[in-house]
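**Student:** Can you read through this structure? Questions will come right after.
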Amino acid sequence: MGSAGSGNPDVVVVGGGIIGLSVAWRARQQGASVVLLERDAAGRGASRVAAGMLAPVAEAEFGTAGRRLLELGLRSARMWPAFAADLQDAGGERVGLLATGTLVVARDADEAAELERQLAFRRELGLRAQRLRASEAREREPALAPTVRLALEAPDDHSVDPRAVLRALVRACEGEGVALREHAAVRELALDRAGARGTGVVLDDGQRVPAGQVVVAAGAWSAEIGGLPAGARVPVRPVKGQILRLRDPAGPGLVGRVVRFEGGYLVPRADGGYVLGATVEERGFELAPTAGGVYELLRDCHELLPGVSELQIEELCVGLRPGIPDNVPAIGPGALDGLTWATGHHRNGILLAPLTAELVVGALRGRPEVAGELASGCAAERFAWVAA
């Protein structure tokens, strides 16, 4: 990455969630001068609400896009231990990486039949996944209800505490010399006179921030940035998710693994905390929590883990995931010169943060092998047909 000239930063990153912070940190480590612009406070958006599952095996999906997302997820999951260790050194805080595995449980015959189908699919792909009878599942997690019919164990799926990750990333960015500017909402992309290249951004207050390269990592707000010509947009939309944070005053022990079920999941933390989530709602930018969403989460979880009713409610939070039509994130250069995308991660932002940062920084540095890899499935240019 060369100098932008005239004292301007090499890179402006738009968005201070886990993706934007990771990109800014890694780009600065590679020698780029970086400014990060966040519309609110860094780490206060969807990343802070997320449960933190690193679960490419449990979340594997059918279809071509599902295969591509699985490839990305498996690779990024392998990167997480080193990424977490680097963050701990740079940010001075453990990030709650738990290598406990995941149980996917079925509560009736229909769900058991679907679980058998999912197990066969994972075996075809060569993924580590084990079929467990109900008794075997309860041996691993005694808190499971006796009504459990069947379970799938994914021992290589783990979890992390996103809030600890975000705190460490902010410190790591500050320690490396990233210029963090909070409450700096971006109104539009700045273009050169020919309208052929991005030259920085314009904030809501009219201030211009010139840069050699702009990285859009603004999550659900990525499509709200103006100034993009026709064919240069990425169709990101907000997908609402409600999540409960619970705590056992007696400490950890209700479950030791992530437990997933039709309609939700329960993620344990090492300190006796639990995250119960999450709704998936197409409600635009609505952030209001609802009684119905909370009721459904608790009802579904209670059927399989009755002990959840004894936990204390610490927090109800709502986040907006960045949804994208094919569920595969848009990473890398788009149709407009000087603009790189890192958005559309939907439910996989935490999982894919290390890999996204590596790919984006590789693209910014013009590495040809990275360009080829991006072209194989997650290139932002695949949305060049989208009108402004």
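The values are calculated or read from the model by the stated rules, or taken from the named source; none is laboratory data. Please read these numbers as outputs of a predicted model, since none were measured by experiment. Every residue, glycine as well, gets a Cβ built from its backbone with ideal geometry; the counts of neighbours run over all protein chains shown.
**Student:** Just to verify a result, which residue in the stretch 32-49, among those that are over 18 Å from ARG187 (Cα atoms) and charged (D, E, K, R), is farthest from the chain's Cα centre (by Cα)?
**Tutor:** ARG44
**Student:** Of everything in the stretch 179-208, what is assigned to a loop (DSSP other than H, G, I, E, B) and in contact with a Leu (Cβ under 7 Å, 6 or more places away or on another chain)? Give them in sequence order.
**Tutor:** Restricting attention to the stretch 179-208, the residues satisfying the condition of being assigned to a loop (DSSP other than H, G, I, E, B) are 182-185, 192-196, 204-207.
Of everything in the stretch 179-208, those that are assigned to a loop (DSSP other than H, G, I, E, B) and in contact with a Leu (Cβ under 7 Å, 6 or more places away or on another chain) turn out to be ALA184, ALA185.
**Student:** Looking at VAL165, VAL215, which one is out of contact with any strand residue (DSSP E or B) (no Cβ under 7 Å at 6 or more places or on another chain), farther than 30 Å from GLU116 by Cα, among the β-branched types (Val, Ile, Thr) and at pLDDT 95 or above?
**Tutor:** Testing whether each residue is out of contact with any strand residue (DSSP E or B) (no Cβ under 7 Å at 6 or more places or on another chain), farther than 30 Å from GLU116 by Cα, among the β-branched types (Val, Ile, Thr) and at pLDDT 95 or above leaves just VAL165.
**Student:** Which helices (runs of 4 or more DSSP H) does the stretch 286-388 wholly contain that include 3 or more residues that are surrounded by fewer than 19 Cβ atoms within 10 Å (Cβ to Cβ)? Give the derivation first.
**Tutor:** Working: elements: 291-304, 349-364, 368-375.
Passing ranges, in order: 291-304, 368-375.
**Student:** If you don't mind, another one. How many residues are closer than 17 Å to ALA190 by Cα and either among the hydroxyl-bearing types (Ser, Thr, Tyr) or in a strand (DSSP E or B) (or both) if we restrict to the stretch 12-31? Steps first, answer last, please.
**Tutor:** Start the filter on the stretch 12-31 by keeping residues that are closer than 17 Å to ALA190 by Cα, which leaves 12-15.
Remaining after also requiring either among the hydroxyl-bearing types (Ser, Thr, Tyr) or in a strand (DSSP E or B) (or both): 12-14.
Residues in the stretch 12-31 being closer than 17 Å to ALA190 by Cα and either among the hydroxyl-bearing types (Ser, Thr, Tyr) or in a strand (DSSP E or B) (or both): 3 in total.
**Student:** Taking the stretch 87-111, which residues are part of a helix (DSSP H, G or I), assigned by TED's automatic domain parsing to the domain that holds ALA145 and buried (at least 16 other Cβ atoms within 10 Å of the Cβ)?
**Tutor:** Restricting attention to the stretch 87-111, the residues satisfying the condition of being part of a helix (DSSP H, G or I) are 87-91, 109-111.
Next, only the ones that are assigned by TED's automatic domain parsing to the domain that holds ALA145 stay: 109-111.
Across the stretch 87-111, the qualifying residue is only GLU111.
**Student:** Additional query: Taking the criterion of being out of contact with any Pro (no Cβ under 7 Å at 6 or more places or on another chain), surrounded by 20 or more Cβ atoms within 10 Å (Cβ to Cβ) and in a helix (DSSP H, G or I), would at least one residue in the stretch 66-73 satisfy it? Before you say what the answer is, go through the steps one by one.
**Tutor:** Residues of the stretch 66-73 that are out of contact with any Pro (no Cβ under 7 Å at 6 or more places or on another chain), as a first pass: 66-69, 71-72.
Retained after the next criterion (residues that are surrounded by 20 or more Cβ atoms within 10 Å (Cβ to Cβ)): 69, 72.
Filter again for in a helix (DSSP H, G or I), leaving 69, 72.
Checking the stretch 66-73: at least one residue is out of contact with any Pro (no Cβ under 7 Å at 6 or more places or on another chain), surrounded by 20 or more Cβ atoms within 10 Å (Cβ to Cβ) and in a helix (DSSP H, G or I).
**Student:** Among the residues of the stretch 112-154 satisfying the criterion of being under 21 Å from VAL308 (Cα atoms) and of a type in the set (Asp, Glu), which is surrounded by the most Cβ atoms within 10 Å (Cβ to Cβ)?
**Tutor:** GLU153
**Student:** Residues that are under 30 Å from VAL104 (Cβ atoms) and in a strand (DSSP E or B): does the stretch 159-168 have at least one?
**Tutor:** yes
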